[in-house]
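Worksheet for the structure shown next.
The values are calculated or read from the model by the stated rules, or taken from the named source; none is laboratory data. Being a predicted model, the structure only gives us computed values, none of them experimental. Ideal geometry is used to build each Cβ from the backbone, glycine not excepted, and the neighbour counts take in all protein chains shown. To get the accessible areas, we keep the full protein, side chains included, count just its heavy atoms, and leave off ligands, DNA and RNA. Shrake-Rupley method; radii C 1.70, N 1.55, O 1.52, S 1.80 Å.
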Amino acid sequence: MGVDTGDKSGASGQASADKEDEDGSKTARNTAIAAGGAGCLLFPLGLAGAAVIVIIFGGFGVLLAPLIAIYLFFHGIFHGGGHQPGPSDANSVIAVFESDGHGDLDPSTVPDDLVDPIQQAGGICAAIGPIVIASQIEQASGFNASLTGPEGKQGISQLPPGIFTKYGKDDDGNGTISALDAKDSIMAQGRYMCDLADQAQRLIDADEAVGNVLDLALNGYDVGMDAVRTAKGMTAEAQGYVAAVRAQFAKYAGVAAIPFGTPTPTGIQISPPTTPPPSP
């Protein structure tokens, strides 16, 4: 695999910049497993944003060379000098990146009060697991349940208002259905993703789309299933989003986990962003 030397210097520079980030953004501290885009698409590393070039080949199989370099660097910081990261660590991250997102959620990587809702939302259907749900939340809001985003989006999952109205229920039992109630929002996200997965499976079965169910469902979540149907598979517009969500799988699976709330090397407490991360 050939890797541009600019990628390596960019990864090193980003690792240094992350140490100086005064906001202590949770997203920035997760650069070890954050990436973005297809070809030269960009994904924000922290609130300030930065670029990572990734290499894509073989459909949507992605080897993230700069990402792995950053992951190994931070793995060494957070796990101490006893373990020297090597190729097996990188291979584990890549394997989870390319997986179907199934498996158990590492509960230490999300706020305690959200473990059950995420696991429940990830158990609605076989196609969408809790790791996928948590990774989407990371991308959507950085676990900020009170976030108000563009186009009327609200809450931890940042669903469009019309989508939340269709899939939202009073899942937390407080007598109201609100996107600002974390459990209501997360469960609506799970129902919506399962619906998208069903639609993706039907398109594949009818030879109307090429790809795997998870990628097409994520594509539909980002730009709508009509776009998937028109493109007969993955759309160029959503490749960055799909890669960015997949890049979080290793963390939430516990392969490259940094526990939620862990003090950073600079002593800044990890906390979710107060504004939505930039779009890829």
Log entry, pairs with first residue in the range 154-169 being without any contact (Cβ under 8 Å) to a residue 60 or more places away in the chain and closer than 18 Å to GLN120 by Cα, second being surrounded by fewer than 23 Cβ atoms within 10 Å (Cβ to Cβ) and among the basic types (Lys, Arg), beta carbons closer than 6 Å, six or more apart or on different chains, reads TYR167/ARG191
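Answer with yes or no whether ASP195 is of a type in the set (Asp, Glu) and more than 21 Å from the chain's Cα centre (by Cα). Let's see the steps before the verdict.
Details: of a type in the set (Asp, Glu): yes; more than 21 Å from the chain's Cα centre (by Cα): no.
Spelling it out, it is not the case that ASP195 is of a type in the set (Asp, Glu) and more than 21 Å from the chain's Cα centre (by Cα).
Could you tell me which of the residues GLY123, GLY103 is at pLDDT 95 or above and assigned to a loop (DSSP other than H, G, I, E, B)?
On the way: GLY103 fails: at pLDDT 95 or above.
Unique residue meeting the criteria: GLY123.
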State which residue is least open to solvent (accessible area, probe 1.4 Å) when the search covers only the range 98-143 and only residues that are free of Cβ contacts under 8 Å to residues at least 24 places away in the same chain and aliphatic (A, V, I, L, M).
-> VAL115
Is it the case that SER178 is out of contact with any helix residue (DSSP H, G or I) (no Cβ under 8 Å at 6 or more places or on another chain), more than 24 Å from ASP215 (Cα to Cα) and either not in a helix (DSSP H, G or I) or not basic (Lys, Arg) (or both)?
-> no
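Filter the range 200-209 down to the residues that are in contact (Cβ under 8 Å) with a residue 24 or more places away in the chain and either open to solvent by 40 Å² or more (accessible area, probe 1.4 Å) or out of contact with any helix residue (DSSP H, G or I) (no Cβ under 7 Å at 6 or more places or on another chain) (or both) and list them by number. Outline the logic, then answer.
Our first condition is that a residue be in contact (Cβ under 8 Å) with a residue 24 or more places away in the chain; within the range 200-209, this holds for 200-201, 203, 208-209.
Result: GLN201, GLU208.
Restricting to the range 129-146, name every residue that is outside any helix (DSSP H, G or I) and either in contact with a strand residue (DSSP E or B) (Cβ under 8 Å, 6 or more places away or on another chain) or farther than 17 Å from ALA179 by Cβ (or both).
If we filter the range 129-146 for residues that are outside any helix (DSSP H, G or I), which is where we start, we get 129, 142-146.
Answer for the range 129-146, where residues must be outside any helix (DSSP H, G or I) and either in contact with a strand residue (DSSP E or B) (Cβ under 8 Å, 6 or more places away or on another chain) or farther than 17 Å from ALA179 by Cβ (or both): GLY129, GLY142.
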Residues of the range 230-249 that turn out to be crowded, with 21+ Cβ neighbours inside 10 Å and over 14 Å from ASP100 (Cβ atoms), as a count = 9
Go through (1) in contact with a strand residue (DSSP E or B) (Cβ under 7 Å, 6 or more places away or on another chain); (2) open to solvent by less than 30 Å² (accessible area, probe 1.4 Å) and name the single condition ALA182 misses.
-> (1)
